[in-house]
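Below: one structure, written as structure tokens.
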Amino acid sequence: MRELAPLELPAYATHDPLVLAGRCLIADPIGYPEAHRAAERVLAPLRTAQTFTATVRDEDNALEHTGVVPVLEERQAGAVTGWYAELLLFEHSTLLNKAAYRLSRMPGDRTWIVDSDFQPSGRPGTLRPFGSRRPGSMRTLLPPFVAELDRLISAQGQRSAT
């Protein structure tokens, strides 16, 4: 969103970052070259992103989600090394951008912890730095998403071992 801020677009156009980037890409390239450059920078991490499909079941139905993981890497916070991930979730039935998260999994954590979550406006609902002490109740991902992130880490480890 910081990349697109200099374009001074109206608030209604910034509801969903991916829709906004798409709108910038279809803008007239001659009349709006700065919009094209900004959209290319915003979408660049998605070119190499890993994806997965997961089903979340409740009592009455099952919802399919696509997860897009542009960043999945080990990071350091002081003397501690943990995993960091950025996750975009899309719900299949509505094709809506369901959620955007920055996540961490530090040694001793049993699951992925939500460090930051972003509202449809692009503003953070929660914003804590990687490796923070996470006071209060810890927000975590649903088990199907945890399993997929863990699978991606395992696949990443197998690729680097070969």
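Nothing in this text is a laboratory measurement; each read-out follows from the coordinates by a stated rule. Model, not experiment: these values are computed from the prediction. Quick reminder, even Gly has a Cβ in these numbers, built from the backbone with ideal geometry, and neighbours come from all protein chains shown.
Brief remarks on what is shown
- Residues whose amide H falls under 5 Å from that of THR126, counting only those 5 or more places apart or on a different chain, are ASP117, with hydrogens built in the peptide plane.
- Residue-count net charge about ALA54 - beta-carbon cut-off 15 Å; Lys, Arg +1, Asp, Glu -1: -2
- FRET efficiency estimate (nearest 0.05) - Cβ-Cβ, ALA79 to TYR32, R0 45 angstrom: 0.45
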